[in-house]
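Worksheet: one structure, shown below.
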Amino acid sequence: DGFKTAAIALHSLNSGGKSDNGGGLFEGMTWRFDAKKEQRQITWFFESEHREAVGKFAKSRVLRVRIENEPKTMEEEDGNGGIGRDYVMTQTVKGKCVGKAFLMEAVPRLQVFWDVDESTVIGTSTGGDFMAPVSSQPTIPGTAMSWSKTSATTSSSSRRSKKVSSFSSSNRKELQPEPGIYVRGIWVRKPSIPNTLMCFFGSRLQVSGRDRNDVHEEELLDAVAYVFRKCNNVERLKCLLEPLRGGSGGAAKRGTTSTPTTTARTKRGGGAHGGSWLLKSPRFLNQIWMMDKHRDFILYRILQIPPNAIFVSSRTTKSTDPFLRWAADFLKKRGAPLVPIEAGANRYLFEEVNEVDLTDRCVRILNEDLKHKKGEKDQENVEVLRLAFRKILVFMGLGGGRRGAVNAKVVFSPDVTVAFVHNGRYVFVPEAPLTRELLVKVLNVCQCHLVGADGEKFSSLVQALFEVLPAGRARTLMTVEDVEKVVERAKEVKKENANFLMHSRGKEDAESGKSARKPATTRRNVEDLTGDDDESPSSISPARGGGLDLGVGEGTRAVTPSIDLEAQIAHATRKTGRKRKGSNRDDDDDGLDSIIPEAEFGSDDAGSDSCLRPSSALQSVSVNDSLGGGSLLCDERTVSDIQHNSWGLSTKARLAALR
């Protein structure tokens with residue numbers, strides 16, 4: 001099929017009929033088979049001929065093969081009588097401008113014929129892999145002849161007319177290398193970064209596809225990342241990647257000015273390339289920045305961002321959230337490397353710190369300070385705070401004795417001005433005089449962020465705080481007795497609330513009893529929502545189904561006994577357990593699918609999944625009991641979040657429940 005396609009393409013060059021319009025470029029194509037033992041010569045002539053319209057086929061030129069088979073005397077060649085010399089095939093293609101076509105189409109795509117300007121190259125020290133802009137490369141000598149845009153039709157039908165180019169010496173500009181991805185010096189396909197030479201050697205990148213004209217995207221990303229890591233000119237690479245920082249500062253360093261188009265892209269976070277040929281395809285390179293191993297290398301080794309830098313924007317430094325605002329100010333005062341995120345910065349490289357990471361950074365510094373200042377604390381005030389909060393946390397069920405609740409631990413620090421919770425257990429509280437305002441703020445934080453906090457006890461405590469303790473920041477509580485009074489009052493409030501609910505229910509029950517003695521005409525039966533029970537609600541005995549009747553009187557409310565619900569569940573299970581038998585099924589069969597019996601579970605097993613191909617994008621990571629134990633298959637970002645404990649307790653609980 002390939003030979004026939006080539007023959008048709010060559011014959012189409014002569015469709016114009018004139019040599020200056022593409023005609024006469026192809027003279028003929030023959031295959032000659034010499035059979036020396038049989039003394040015969042077979043020749044195939046690939047020819048074109050005109051065919052008239054037939055049926056739905058329009059008038060056209062077609063390819064035909066004319067074969068001549070005739071005897072011919074052939075002598076054995078001296079010294080060449082080895083295997084395979086008795087039968088020889090010779091292919092002959094006669095055409096014009098073959099050399100020029102090679103110069104125009106093949107030479108720009110074969111790396112062996114051209115050179116590159118080393119001052120524009122980003123390459124490895126060993127291996128020969130490199131990337132470079134095409135516009136900065138020298139021209140290829142001997143490629144001054146070019147195609148002129150003259151047209152000729154490839155078919156007698158105007159509907160299928162197609163332009164064919166011919167050679168002309170009017171334009172003598174020499175060509176540059178063809179932009180593309182090169183594997184072992186041969187052009188494979190168009191580049192992922194426009195107008196760029198992406199050349200790779202070795203085994204890092206292989207061609208793929210049926211026609212060997214493509215590469216795997218993952219392998220290409222790894223090959224480009226390898227060039228970055230092994231780059232022999234880090235300063236040049238840094239200059240090309242500098243626009244990733246965004247903002248006007250990067251443009252000033254490069255000596256460029258922003259345009260309206262660049263400004264618009266910057267506001268959208270599109271990451272304008274700022275004149276860098278390497279950043280003209282952000283979608284391709286963003287896939288590299290999303291990998292943590294490559295992201296850290298670019299940030300810290302190439303762009304020379306301080307290690308452990310914290311990227312913050314005005315959303316954090318000027319946040320309305322008191323904790324975020326305090327954390328940003330605290331880290332800045334303690335010399336943490338806060339790096340502002342400029343407008344238009346690449347969002348995958350310069351990812352703003354989240355609340356979990358911000359909390360971790362603050363806690364590390366606070367713990368170090370507490371170790372060094374352990375003996376310098378105001379012991380009397382700290383002891384009052386510790387005892388007071390211990391009593392409150394125990395009352396709320398957070399003291400370790402309640403099942404399903406955390407054993408909260410309170411940490412006091414003079415540097416903390418906003419109470420917060422770390423790692424779902426440690427409560428950081430300002431080391432300040434004990435006041436009603438401080439207690440209320442800490443209670444709110446515990447109720448929101450600690451697992452197992454009792455909401456009813458929390459509301460009782462808040463009410464007791466406002467009833468027992470005086471208001472105002474200056475009115476401090478120097479003893480724990482005041483807190484004990486609050487706890488005692490909270491217990492009383494909790495009992496009062498419980499009694500109030502009990503009396504309300506008793507009143508409702510009494511009213512429902514009165515309505516039950518009304519005439520039968522004022523009562524109606526509640527319909528069974530299952531709708532498939534053989535027994536009507538009226539036939540159920542009072543001992544079992546009395547709860548199904550509701551009085552019409554205002555305020556009446558009855559509860560269906562659990563025995564009724566269990567009976568309905570058993571009835572539904574019996575029905576779904578029946579097998580479908582077409583028209584022979586029971587009259588009360590509702591057509592539900594049958595449940596697989598327990599004895600047949602084994603035969604329904606899908607079998608081993610060892611034949612499935614594992615996903616190369618997922619990694620196995622071991623998890624603790626908070627996530628259900630065992631291991632998970634996750635992407636790189638999720639693995640990083642798990643290892644750095646970036647998830648909140650609610651997220652962990654949901655994942656563990658799903659597993």
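Just so you know, all these numbers are worked out from the coordinates, no wet-lab data involved. Since we're looking at a predicted model, the values are computed, not measured. Every residue, glycine among them, receives a Cβ derived from its backbone with ideal geometry; neighbour counts consider all protein chains shown.
Can you give the FRET efficiency for LYS491 and ARG425, using 1/(1 + (r/R0)^6), R0 = 25 Å, r = Cβ-Cβ distance, to the nearest 0.05?
Between LYS491 and ARG425 the formula returns 0.50.
Given the range 24-147, report the % of alpha carbon pairs whose separation exceeds 23 Å.
For the range 24-147, the share of Cα pairs beyond 23 Å comes to 64 percent.
Counting other Cβ atoms within 10 Å, keep those with at most 10, restrict to DSSP loop, and tell me which chymotrypsin sites (Phe, Trp or Tyr not before Pro) in the range 410-469 are left.
Sparse-neighbourhood loop chymotrypsin sites (Phe, Trp or Tyr not before Pro): none present.
Past 21 Å, Cα to Cα: identify those pairs from LYS409/LYS495; LYS293/LYS332; LYS72/LYS96; LYS457/LYS485; LYS333/LYS652; LYS391/LYS652, in the order given.
Cα-Cα > 21 Å for LYS409/LYS495; LYS293/LYS332; LYS72/LYS96; LYS333/LYS652; LYS391/LYS652; rest within.
Starting from the 7 Å offset along Cα-to-Cβ, what nm value, one decimal, do you get for the label separation of GLU118 and ALA572?
Going by the 7 Å Cα→Cβ label model, 8.0 nm.
Relative contact order of the range 410-492: what whole-number percent is it, with Cα pairs under 8 angstrom and at least 6 residues apart?
RCO, the range 410-492: 27 percent.
Which FRET efficiency, nearest 0.05, do ASN381 and ASP292 yield, Cβ-Cβ r, R0 45 Å?
0.50
Apply 1/(1 + (r/R0)^6) to the Cβ-Cβ distance of LYS371 and PHE3, taking R0 = 51 Å, and write down the FRET efficiency to the nearest 0.05.
0.05
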